[in-house]
Amino acid sequence: MFEVRRLESEDLIQFYKMNTIVYNLRRNYTKDEIKEPDPLDHPADWAWGVFEGKKLLAGMMDSDFLMNFDGNKVKLSGIGGVGTLPEARKDGHIRRIFDQLLPESYEKGFVFSNLSPFSHDFYRKFGYEICCARNDISIPAGNLHDIKSVNGEYVHIFPGDDTSLLEQVHSAYVANVNHGIYKNYWPDNRAWKRFTREDPYSTGTYLYLWKNEKGVAKSYIKYKHIHEDDDNNMSVSDLIFADKEGLYGALGFVSRFSAQFENFKWKMPSFIDPTDFTGNAWSIEMSINPREMTRVVNVKTALEFMRRPDFSGEYVIEVEDENITANTGKCHVEFAPEGTKVSITSREADIKCDIHTLSQLITGYRSLENAMYSRYSGLEVLKKADILKKVFTLRPQHITEYF
């Protein structure tokens, strides 16, 4: 008999050991090496596990985030650390967790759930679909020379430093992108303490804040040195900017490293164009990375908060969700400039959608016109196509956390 439940503190060592095996990590678990829990680690009850007796067979982390969605702050469940011990695989343990986790997330007020999959097809079984993409870019650092003229001040941020200006920049950025996650949501400044805890001298990870000539914080950049293909590369994990000025302030910093790094590499959001960064576009190498998957957890709430056209209208959408039965049914959506009202209805549907396609449409990852070319059969537009094309539009995306 298997037991599925949230973890307790004494279960964490088993969870960490499982992740060590699953993700090919290395850690000393001898009694002398096991230390007190790190106060910056996630709480034990954020993790789920499948137990046989007292043995943990499979588990995952279910982090509590607050994300921006069309100008609204909504709860996001961030799934990570998913794994099963080799001897327990193929027994459906991850499904057992999702069968409890997803309905519970609905009841607790989560609106979306997001994860980075090892296999997209595997997580489609639980209603997730590709809803975020990054552009992996590589540009010779010397080719950013046109941006060298940017003035201002670059401030090196160390562990323990004040993070209020970083927070100011970050909040301005995420307020304009769907999936942007607010770092000030967790208590005791825990997210920022985690973000800034790496010592640059021992880890090679550096964090710099940029202020413009007026002393206003506008951007920050976090990077480390990566040696690959005989090149020394500047690998950027975070480049966050409040506005256009902030973007080029951070890029101006990169241009200073042409003697130190051959290439500037960045997993950048897809709503900006790297050909703006250099006059020599031939030097840019770029590949699309459809990294993250999202699913709507609460359809009714997501439809209420979704960006709406600047005119009044209505439509009926029929949704099918095999994992959260409360989402299955028909919603009558009435929208106007001042707000949106969503009610359950028995009226004839104008559009039919499975939870996969709807997750892409609601978040703005795909427009309706684009989704109609999908090889999947989860979308059917029956009526009011002209109105629906103005409802389901592209919007900027960027999942700003890694989990």
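The values are calculated or read from the model by the stated rules, or taken from the named source; none is laboratory data. What you see is a predicted model; the values in this text were computed from it and never measured. Cβ atoms come from the backbone with ideal geometry, glycine included; neighbour counts cover every protein chain shown.
Going through the stretch 341-375 one residue at a time, which ones are in contact with a Lys or Arg (Cβ under 9 Å, 6 or more places away or on another chain), assigned to a loop (DSSP other than H, G, I, E, B) and without any contact (Cβ under 8 Å) to a residue 60 or more places away in the chain?
Once the filter is applied, which keeps residues that are in contact with a Lys or Arg (Cβ under 9 Å, 6 or more places away or on another chain), assigned to a loop (DSSP other than H, G, I, E, B) and without any contact (Cβ under 8 Å) to a residue 60 or more places away in the chain, the stretch 341-375 yields THR345, SER346, ARG347, GLU348, ALA349, ASP350, SER367, SER374.
Could you please let me know if VAL319 is within 30 Å of ILE97 (Cα to Cα), touching a helix residue (DSSP H, G or I) at 6+ places or on another chain (Cβ under 8 Å) and modelled with pLDDT of 95 or more? Lay out the reasoning, then the answer.
Details: within 30 Å of ILE97 (Cα to Cα): yes; touching a helix residue (DSSP H, G or I) at 6+ places or on another chain (Cβ under 8 Å): yes; modelled with pLDDT of 95 or more: yes.
For VAL319, the condition - within 30 Å of ILE97 (Cα to Cα), touching a helix residue (DSSP H, G or I) at 6+ places or on another chain (Cβ under 8 Å) and modelled with pLDDT of 95 or more - is met.
So which residues in the stretch 195-240 are part of a strand (DSSP E or B) and aliphatic (A, V, I, L, M)? Before the answer, list the steps.
Keep residues of the stretch 195-240 that are part of a strand (DSSP E or B), which gives 205-211, 217-228, 231-240.
LEU207, LEU209, ALA217, ILE221, ILE226, MET234, VAL236, LEU239, ILE240, listed by residue number.
Can you name the residue in the stretch 306-340 that is outside any strand (DSSP E or B) and among the small types (Gly, Ala, Ser) and is also surrounded by the fewest Cβ atoms within 10 Å (Cβ to Cβ) among such residues?
Of the residues in the stretch 306-340, the ones outside any strand (DSSP E or B) are 306-312, 321-328, 337-338.
Within this subset, residues satisfying the condition of being among the small types (Gly, Ala, Ser) are 312, 326.
Working: SER312: 11, ALA326: 13.
Taking the candidates together, the pick is SER312.
Counting residues that are outside the structural domain of LEU358 (by TED's automatic domain parsing), touching a residue at least 40 places away in the same chain (Cβ under 8 Å) and out of contact with any helix residue (DSSP H, G or I) (no Cβ under 9 Å at 6 or more places or on another chain), which helices (runs of 4 or more DSSP H) fully inside the stretch 71-189 reach at least 3?
Values: elements: 93-107, 120-124, 164-174.
Result: 93-107, 164-174.
Answer with yes or no whether ILE399 is hydrophobic (A, V, I, L, M, F, W, C), surrounded by 14 or more Cβ atoms within 10 Å (Cβ to Cβ) and in a helix (DSSP H, G or I).
Numbers: hydrophobic (A, V, I, L, M, F, W, C): yes; surrounded by 14 or more Cβ atoms within 10 Å (Cβ to Cβ): yes; in a helix (DSSP H, G or I): no.
When the stated conditions are applied, ILE399 does not pass them.
I need a count of the residues in the stretch 1-38 that are touching a helix residue (DSSP H, G or I) at 6+ places or on another chain (Cβ under 9 Å), touching a residue at least 24 places away in the same chain (Cβ under 8 Å) and either at positive phi or in a loop (DSSP other than H, G, I, E, B) (or both). First the steps, then the outcome.
Within the stretch 1-38, the subset touching a helix residue (DSSP H, G or I) at 6+ places or on another chain (Cβ under 9 Å) is 2, 4-12, 15, 21-22, 25-27, 29, 34, 37.
Next, from what is left, pick out any that are touching a residue at least 24 places away in the same chain (Cβ under 8 Å): 2, 4-9, 11-12, 15, 21-22, 37.
Narrowing the set further to residues that are either at positive phi or in a loop (DSSP other than H, G, I, E, B) (or both) leaves 7-8, 37.
Total meeting the criteria: 3.
Is it the case that ILE130 is within 23 Å of TRP192 (Cα to Cα) and among the β-branched types (Val, Ile, Thr)?
no
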